[in-house]
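First the structure, in the form of structure tokens, and then the observations on it.
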Amino acid sequence: MDDISTRCIDIIAKSKSISPDTITPASTFDELNIDSLDKINISFEVEEAFNIEIPDDALNTLKTVGDMIDGVTRLTAAHHSTTISTH
């Protein structure tokens, strides 16, 4: 598993007080008992950890841990390319 996946899973595990070994990219937020408030809190942690900004409307589209990992991967890539081009 890559660094983004590991870090996202660790953030989710910590927020829900569960073992990261029980979480996979295929895990759904429903299975993990993650409600809308949990999603908001997790998104704040993810934004801080990766120095990105997750659009509010994107939170509603996240159904699995894999969805979150994919979104963070895209946002960090876009942020990285913006950072490089502005220097």
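The values are calculated or read from the model by the stated rules, or taken from the named source; none is laboratory data. Everything numeric here is computed off the predicted structure, so don't read it as measured data. Using ideal geometry, Cβ is built from the backbone for each residue, glycine included, and neighbour counts are taken over all protein chains shown.
Tallying residues that are modelled with pLDDT of 95 or more, within 22 Å of H79 (Cα to Cα) and of a type in the set (V, I, T) within region 13-51 yields 2. What are the residue pairs meeting all of these: first residue in region 47-74, first residue without any contact (Cβ under 8 Å) to a residue 40 or more places away in the chain and closer than 15 Å to I9 by Cα, second residue small (G, A, S) and part of a helix (DSSP H, G or I), Cβ atoms under 9 Å, and 6 or more apart or on different chains? Final answer for the pair search is L62/S43; L62/G71; G71/A58.
Restricting region 55-69 to residues that are surrounded by fewer than 16 Cβ atoms within 10 Å (Cβ to Cβ) and closer than 14 Å to T28 by Cβ, the residue that is nearest to the chain's Cα centre (by Cα) is D67.
Looking only at residues in region 55-65 that are farther than 18 Å from I4 by Cβ and assigned to a helix (DSSP H, G or I), the one that is modelled with the highest pLDDT is D57. Here L75 passes the criteria (1) touching a Leu at 6+ places or on another chain (Cβ under 8 Å); (2) at pLDDT below 95 except the one numbered (1).
To keep it simple, each residue is scored yes or no on (1) part of a loop (DSSP other than H, G, I, E, B); (2) within 12 Å of the chain's Cα centre (by Cα).
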| position | (1), (2) |
| --- | --- |
| K14 | no, no |
| A26 | yes, no |
| N33 | yes, no |
| I52 | yes, yes |
| V72 | no, yes |
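Name the residues in region 70-82 that are crowded, with 17+ Cβ neighbours inside 10 Å and either farther than 16 Å from S27 by Cβ or aliphatic (A, V, I, L, M) (or both), would you? Hits for region 70-82 are V72, L75.
Going through region 17-54 one residue at a time, which ones are closer than 15 Å to T6 by Cβ, exposed (fewer than 13 other Cβ atoms within 10 Å of the Cβ) and of a type in the set (A, V, I, L, M)? Residues satisfying the conditions do not exist here.
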